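**Student:** Quick one: the structure is below, questions incoming.
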């Protein structure tokens, strides 16, 4: 049980590692973390709570951490299923926060403005969860300085819309490997607002349908991972309406991964103009 004065007198602490420190012993209930349990740690920059278990994330657990830069809750059991705009509201008192690691926490839904208190966050890690929903875009509203979002390994239960990423134009790295269901044959493309994107991973999604505008506007894209999909039909000469040249807007690529797609034809102009490509 972490009480609100348990860290009293540790005002100069910069890093706190509680990994595996809070766990449920046989026959006992989950540990409790009181509101304001960390508020004495005014210089704390890195809080590591991976592989822990505690009863719940209450509204003020993380209040009073003005210098916090990293919060790692990965592989932890907290009962958190839906991230709402109140879940991490206390972190608005932590304007320096750069990285929030929520990997493998059992999360299944992101509510509108789920991270709206985290305006300076750069890295949001959400892989290995069970997020199952259509992303409409309001879920990511307020992440005005975000650079990386990782939603990979989410059971292929996330579907995208034209507006999924409309509120995160600063994004540079987007990882959606083994996360998507449904179609990417959308106009405009879900990725069009991401004008600063340099790395896109949409591998392992069984994608079979997309259109030539998939990468429109992604003029800075350097790495594209599309392996383990079903793209063979799109490049066939016999494809209705001619082959789909979905790479045409990404000629700045340096790394392109298309293996395990069953490709047996490469259209004449499919790779024309890729002068910066180093790895195929």
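Every read-out reported here was derived from the displayed coordinates using simple, explicitly stated rules and does not represent laboratory data. All figures in this text were calculated on a predicted structure; none of them were measured in a lab. Reconstructed Cβ throughout: ideal geometry from the backbone, glycine too, with neighbour counts over all protein chains shown.
**Student:** Can you name the condition, by its number, that residue 113 falls short on among (1) outside any loop (DSSP other than H, G, I, E, B); (2) at positive phi?
**Tutor:** Only one criterion is unmet by residue 113, namely (1).
**Student:** Right, something else. Using the structure shown, decide if residue 97 is under 22 Å from residue 144 (Cβ atoms) and assigned to a loop (DSSP other than H, G, I, E, B).
**Tutor:** yes
Yes or no, residue by residue, for (1) free of Cβ contacts under 8 Å to residues at least 12 places away in the same chain; (2) under 27 Å from residue 210 (Cβ atoms); (3) surrounded by fewer than 16 Cβ atoms within 10 Å (Cβ to Cβ); (4) touching a strand residue (DSSP E or B) at 6+ places or on another chain (Cβ under 6 Å):
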{"position": "51", "(1), (2), (3), (4)": "no, no, no, no"}
{"position": "59", "(1), (2), (3), (4)": "no, no, yes, no"}
{"position": "68", "(1), (2), (3), (4)": "no, no, no, no"}
{"position": "98", "(1), (2), (3), (4)": "no, no, no, no"}
{"position": "105", "(1), (2), (3), (4)": "no, no, no, no"}
{"position": "145", "(1), (2), (3), (4)": "no, no, yes, no"}
{"position": "148", "(1), (2), (3), (4)": "no, yes, no, yes"}
{"position": "155", "(1), (2), (3), (4)": "no, yes, yes, no"}
{"position": "158", "(1), (2), (3), (4)": "no, yes, no, yes"}
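**Student:** Only one residue in 41, 10 is in contact with a strand residue (DSSP E or B) (Cβ under 8 Å, 6 or more places away or on another chain), assigned to a loop (DSSP other than H, G, I, E, B) and surrounded by 14 or more Cβ atoms within 10 Å (Cβ to Cβ). Which one?
**Tutor:** 41
**Student:** When you look at residue 94, is it within 25 Å of residue 153 (Cβ to Cβ) and out of contact with any helix residue (DSSP H, G or I) (no Cβ under 8 Å at 6 or more places or on another chain), yes or no?
**Tutor:** Judged against the criteria, residue 94 is not a match.
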